[in-house]
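Here the structure comes first, spelled out in structure tokens, and everything after it is commentary.
The values are calculated or read from the model by the stated rules, or taken from the named source; none is laboratory data. Since the structure is predicted, the reported quantities are computational estimates derived from the model, not experimental observations. Cβ placement follows ideal geometry from the backbone for every residue including glycine, while neighbour counts extend to all protein chains displayed.
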Amino acid sequence: MIEAELSRSVQRWCPGATGVTGAAKLSGGASQETWRFDIVHPDGAIGAILRRSPKGYGAAPTRAAGLAAEAQLMQLAYEAGVPSPRVMHVLAPEDDLGTGFIMQRVEGETIARKILRDDAFAAARPLLARQIGGVLAGLHRLPQDRLPVLRSRNATQEIGEFERDYRSLNWPKPVFELALRWLRDHDPGPSAEETLVHGDFRNGNLIIGADGVRAVLDWELAHLGDPMEDLGWVCVNSWRFGEIDKPVGGFGSREELFAGYEAAGRKVDPLRVKFWEVMGTLRWGIMCGGMMQRFRESPDHSMERAMIGRRASETEIDLLRLLAPRGS
Amino acid sequence: MQDEPTPIELTKSVADFLRNDITPLISGHQAFKLRVAINILDLVTRQLTQEEGGDAAEVERLRALLGTDGSVSELNRVLAERIAKGELDLATPGLAEHLWQTTMDKLAVDQPNYASYKRELGR
């Protein structure tokens, strides 16, 4: 039982802690799990989250930065005032919990549809697009000399990588071919400035409270590259969850996003943002294809994966809306 | 010729049974999976209903665009290759209209509630 290992672990690094209670798995694939639990402490319970690869699953997938890097980035963000959970402990071999880290639990909502529809967030919603601009500016300004080792990817390399992923699926899609041509024709080249890029900054990976953004999660795709990539990805239609006229996560306009970013002292390049939005739309489409492939090849025959395969057509209509819009 | 009821009718009967009789009995993660299962059967029903007509019209358009003949999957492969080579692009008469029609036909089966699709349907 995981509570036994967690209890032994917290008593080593959390002064006064006597054990843990209420451990529950929130999500988990074969290689990575998230657990919530409370640290029992004389001053009151401390809400905590464990992110880990269980023992025997040390290797990270090629695009992922790895849990150690994720912990380092979240701590760096926390210290710089970017909304982020505080990292409490990085797992060591004596914890006997695999690899990963334990962080402070931030209360709030991550489920995009609830954030977009529940009354609890009605006051926060109109503020979020601009607020997200400020958060991204802070994130892109994290000190580079303190970052963990991360892969570096410019636009040209990303196009090449996605084309390879797509071709390996042997899944001819004329709309995807059109998007690949468009991306090559509009490749903005290496960005003048290379910064930390979160890589998966979107509605669904943010903890939102009544007051707005409380934490940025899921740093596993962090890399170095064009900061405009994050601004484009947060606008991809798939992350608007039906609120298609509000490009920034279904919350608000690009103008508000850009204003928040520039108010925090950083410059926006709208053409690069558009490029990365097209790239991001194609990226999610190709990921849907990857789900289809894993559904076919893995033994568990997950229905959810099968149905995500059938969501590639959503990205095709969104690519057409971006590249070949019809008269209104 | 196979006997009836048709695959469409059979699939629909299973989906309706799961939706009306089983859904009220199930909760938690299994209820989520049951919803996914029902969604799959509904998708299959839509595809069985619409695929034949949609594919026939798609093949007609592809023949006209490409000047060659083949199955719907063969012709799609040829179209993908020609776009990749730059032989066809959005300036090619009929290409944008073809891609739009084909994509709309796919969404009608895959995700008829997708907001972008509903918006474009109204155009």
message = I need the full set of residues from region A:161-172 which are over 14 Å from A:Thr281 (Cα atoms) and within 14 Å of chain B (Cβ to nearest Cβ), in order please.
response = A:Arg164, A:Arg167, A:Leu169, A:Asn170, A:Trp171, A:Pro172
ask   = Would you say A:Met279 is more than 13 Å from chain B (Cβ to nearest Cβ), of a type in the set (A, V, I, L, M) and under 23 Å from B:Asp89 (Cβ atoms)?
value = yes
note = Per the filter on region A:262-274, residues closer than 15 Å to A:Trp233 by Cα and in a helix (DSSP H, G or I) are A:Pro270, A:Leu271, A:Arg272, A:Val273, A:Lys274
remark   = Filter region A:243-272 for residues that are within 22 Å of A:Thr195 (Cα to Cα) and buried (at least 23 other Cβ atoms within 10 Å of the Cβ); the one that is nearest to the chain's Cα centre (by Cα) is A:Val248
task = Check whether at least one residue in region A:291-299 is at pLDDT below 95, within 14 Å of chain B (Cβ to nearest Cβ) and touching a His at 6+ places or on another chain (Cβ under 8 Å), and report yes or no.
result = yes
query = Would you pick out the residues in region B:86-121 that are under 16 Å from A:Gly327 (Cα atoms), facing chain A (nearest Cβ under 7 Å) and either touching an Asp or Glu at 6+ places or on another chain (Cβ under 7 Å) or not in a helix (DSSP H, G or I) (or both)?
reply = B:Leu90, B:Ser116
remark   = Of (1) in a helix (DSSP H, G or I); (2) surrounded by fewer than 17 Cβ atoms within 10 Å (Cβ to Cβ), A:Trp284 satisfies every one except (2)
ask   = List pairs: first in region A:90-118 and of a type in the set (Asp, Glu), second assigned to a loop (DSSP other than H, G, I, E, B), Cβ under 9 Å, 6+ apart or cross-chain?
value = A:Asp96/A:Lys55; A:Glu109/A:Asp118
request  = Identify, by number, the condition in (1) outside any helix (DSSP H, G or I); (2) more than 22 Å from A:Pro85 (Cβ to Cβ) that A:Glu277 doesn't meet.
outcome  = (1)
